[in-house]
Amino acid sequence: MARVVVLGAGISGHTSAAFLRKWLGKDHEVVVVSPLPTYNWIPSNIWVGVGLLKPAQVVFPLAPVYRKHGIDFRQARAVALYPEGDDAHAQPFVELEYTLDNKKGQRELLSYDFLVNATGPKLNFGATEGLGPGKHSLSVCTASHAGEASDFFLRQIQEMKQGARKRFLVGTGHGLCTCEGAAFEYIVNLEFELRAHGVRDKAEVIYISNEYELGDFGMGGIHLRRGGYITPSKIFTESLYAERGIDWITRAHVQKVEPGRAFYETLEGEEKEITFDMAMLLPPFSGVGLTAFDRKKEDITAKVFAPSGFMRVDADYQQKPYEAWRSADWPSSYQSPAYRNLFAVGIAFAPPHPVSRPRTSPRGTPITPAPPRTGMPSAMIGKAAARSIVDMIAGADKPTHTASMARVGAACVASAGANPFTGTAASMTVFPIVPDFERYPEYGRDLNFTTGEIGLAGHWIKILLHHMFLYKARLRPGWAVIPE
Amino acid sequence: MSEPNKQFTSMERAQMRASFYATKPTGTTIFLRTFLPWQVWRFLRINLRMFSILYRSHRQL
């Protein structure tokens with residue numbers, strides 16, 4: 001009997017665990033370890049953040065789902081990996097600390113045959129002074145953060161209805177943030193709701209971002225065939241912002257947030273500040289801080305994890321200039337090069353380098369979006385790792401399935417306002433996610449499969465995806481036929 | 001629903017705003033974005049396109 005432990009129950013970890021359970025016989029054990037008791041369909045947090053959904057509508061408890069499907073669930077956080085075991089334990093194990101109320105703080109050593117690290121990111125609000133909930137800005141990264149953002153936003157609307165003028169600042173709270181797509185979705189939804197509440201004339205809405213140009217989204221932007229031209233995504237994003245009366249500040253590293261004031265450095269090296277009444281600024285991500293020890297209990301964290309805290313996998317981590325980046329640098333099997341029974345999926349794997357061109361201010365501050373690794377690619381990576389592990393348990397000597405972000409595409413629907421008749425969303429497809437300039441020399445992507453358009457149809461699809469993916473995540477009948 | 005605000009700005013002159021230099025959609029483009037018959041067609045077309053991406057990507061797994 002083999003035991004597979006999955007650390008994390010986000011999109012990638014949950015997908016991995018579900019497929020492992022489906023494909024492995026009952027002789028084998030699947031254990032999920034997550035510090036939170038709930039699953040969160042994160043893409044819909046945007047609608048929670050503007051008051052359209054309640055936090056409870058984007059989460060559900062994991063324990064009953066896992067119980068029903070024969071997955072062992074431990075509500076705990078992983079603290080340390082022992083991939084060689086130790087003197088007292090021949091098998092590799094992971095040290096857990098329970099977060100469940102009646103076992104809070106208790107530690108457990110959980111042995112494994114295979115381990116999938118799907119711990120996702122640490123929301124590194126501490127990287128920017130004053131950033132984040134409980135300090136001076138809001139977030140939509142979790143359902144509870146989005147709930148707080150919603151309460152604050154709705155209070156602003158009430159004050160505006162009494163005649164107050166407000167300035168909304170939305171974007172990235174650090175020069176190395178990722179998930180610019182989420183900030184984009186939030187600002188256009190916020191602007192849409194201001195109109196729906198009849199207070200748009202009292203609002204100034206400003207986007208601040210570490211992107212070199214709007215529409216970069218951490219993917220180096222995309223090119224689309226539209227209107228007789230091949231056009232960069234910058235044009236479409238700027239167009240939407242201009243149409244909606246949203247101002248923007250790009251190439252910005254937010255250094256500090258004070259009550260009602262954000263300080264930022266530009267790529268040109270200037271230091272500026274901007275006032276606000278409400279700020280939703282995303283944090284940069286880092287690894288969750290797992291440590292690793294060898295059999296003699298010597299610290300091997302630097303061998304297993306990159307300095308960012310994300311886990312090293314089968315990527316090419318050799319430092320090289322932008323011009324030398326290749327699509328082959330990106331991992332495909334997500335197996336640790338140090339331990340064959342260790343995989344990292346979703347945000348937990350260390351990317352070899354950004355996708356967007358790296359840039360640094362004259363003061364030496366890097367202002368470059370980190371690469372996105374969320375949504376569809378995360379789930380596909382989780383599924384590929386699960387398939388490889390199943391095959392390796394059956395006797396394969398190496399991973400059998402791959403999901404390189406430089407080989408797979410993604411479909412993405414970014415909400416731009418939620419209403420069944422007047423709402424819109426940007427429906428995008430990219431192929432591949434990471435540009436491959438060897439296969440597609442001009443733009444790095446196949447323009448037959450890289451598309452985008454804004455319209456009501458996109459909003460209908462977004463609604464459909466919300467319900468479909470929550471259904472799938474609940475592992476209801478037929479869940480496995482719904483594609484990632 | 002009120003219209004997007006085109007007046008309220010921290011800057012005095014429209015030309016000083018980055019949005020002044022941005023491409024903007026025509027009335028027809030904006031109309032088609034929420035014109036039901038057109039959007040029903042786009043719904044079908046986008047879904048087909050997304051399924052083709054899903055098929056192409058899942059073939060790699």
Item to complete: Using only Cα atoms, tell me the angle between helix A:376-393 and the longest principal axis of chain A; keep it within 0 to 90° and round to the nearest 10.
Response: 0 degrees
Worksheet item: Is the range A:245-285 rounded, prolate or oblate when judged by the Cα gyration tensor, a ≥ b ≥ c being the square roots of its eigenvalues, rounded requiring a/c under 1.5 and prolate requiring a/b larger than b/c?
Response: rounded
Discussion item. With 10 angstrom as the radius, rank A:VAL481, B:VAL40, A:VAL48 by how many other C-beta atoms surround their C-beta, starting from the fewest.
Written reply: A:VAL481, B:VAL40, A:VAL48
Item to complete: Compute the acute angle (0 to 90°) between the alpha-carbon long axis of helix A:143-161 and the principal axis of greatest extent of the alpha-carbon atoms of chain A; round to the nearest 10°.
Response: 10 degrees
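Only loop residues by DSSP count here, and only those with at most 15 other Cβ atoms within 10 Å; note down the chymotrypsin sites (Phe, Trp or Tyr not before Pro) in the range A:371-465 that meet that.
A:PHE421, A:PHE437
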Response to the item:
Note: B:24-34 gets an average of partner chain Cβ contacts (10 Å, Cβ to Cβ) equal to 4
Worksheet entry | Loop-resident sites, the range A:88-158, for trypsin sites (Lys or Arg not before Pro), counting at most 14 other Cβ within 10 Å (DSSP) | A:LYS104
Worksheet item: Among A:326-337, A:287-298, how do they line up from the highest to the lowest mean number of other beta-carbon atoms within 10 Å?
Response: A:326-337, A:287-298
Discussion item. Test of understanding: ordering A:PHE152, A:PHE310 by Cβ neighbours within 10 Å, fewest first, what list do you get?
Written reply: A:PHE152, A:PHE310
Worksheet, complete the sentence: Sorted by chain and number, the residues with a modelled amide H under 5 Å from that of A:ALA292, at a separation of 5 or more or across chains, are A:LEU81, A:ILE300, A:THR301
Discussion item. If the reach is capped at under 23 angstrom between alpha carbons, list the lysines near B:LYS24, excluding any in the same chain fewer than eight residues apart.
Written reply: A:LYS202, A:LYS234, B:LYS6
Discussion item. Around A:PRO232, under 11 Å between beta carbons, what's the net of Lys plus Arg minus Asp minus Glu among the other residues?
Written reply: -1
Fill in: At 1.567 mPa s and 4 °C, Stokes D of the protein assembly as shown from Kirkwood alpha-carbon radius, µm² per second
54 µm²/s
Discussion item. Can you tally the net charge around A:LYS202? Count Lys and Arg as +1, Asp and Glu as -1, for every other residue whose Cβ sits under 12 Å from the Cβ of A:LYS202.
Written reply: +2
Worksheet item: In which sequence would B:HIS58, A:HIS223 go, from the one with the fewest C-beta neighbours within 10 Å to the one with the most?
Response: B:HIS58, A:HIS223
Item to complete: Name the lysines eligible as straight-distance cross-link partners of A:LYS296: C-alpha to C-alpha under 30 Å, and not fewer than 8 places from it in the same chain.
Response: A:LYS103, A:LYS104, A:LYS122, A:LYS398
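What fraction of the DSSP beta bridges in the range A:1-81 is antiparallel, stated in percent and rounded to the nearest 5?
Restricted to the range A:1-81, the bridges split so that about 25 percent are antiparallel.
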Worksheet item: Expressed as a rounded percentage, what relative contact order does the range A:1-98 have, with Cα pairs under 8 Å and six or more residues apart?
Response: 25 percent
Discussion item. At 7 Å along Cα-to-Cβ for each site, give me the label-to-label distance between A:ARG357 and B:LEU48 in nm.
Written reply: 3.7 nm
Practice prompt. Would you mind calculating the relative contact order of chain A from Cα pairs under 8 angstrom and at least 6 residues apart, reporting the percent as a whole number?
Written response: 17 percent
Worksheet item: Tell me, how many Å apart are the Cα centres for the range A:1-66 and for the range A:209-278?
Response: 33 Å
Worksheet item: Rg/Rh for the range A:1-92: what does it come to with C-alpha atoms and Rh from Kirkwood?
Response: 1.07
Worksheet item: Quick one: Karplus J couplings for the range A:448-454, per residue in order, coefficients 6.51, -1.76, 1.60, θ = phi - 60°, nearest Hz, x for Gly and Pro?
Response: 6, 10, 10, 9, x, 7, 10
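How would the range B:14-58 be classified by its alpha-carbon gyration tensor: rounded, prolate or oblate, with rounded meaning a/c under 1.5 and the a/b versus b/c comparison settling the rest?
oblate
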Item to complete: Taking the Cβ of A:VAL79 as the centre, find all other residues whose Cβ is under 12 Å away and add up their charges (Lys, Arg: +1; Asp, Glu: -1).
Response: -1
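We did not get these values from a lab; they are worked out from the coordinates using the rules stated. Bear in mind the structure is a predicted one, so any value in this text is a computation, not a measurement. Cβ coordinates were reconstructed from backbone atoms using ideal geometry, including for glycine residues, and neighbour counts include every protein chain displayed.
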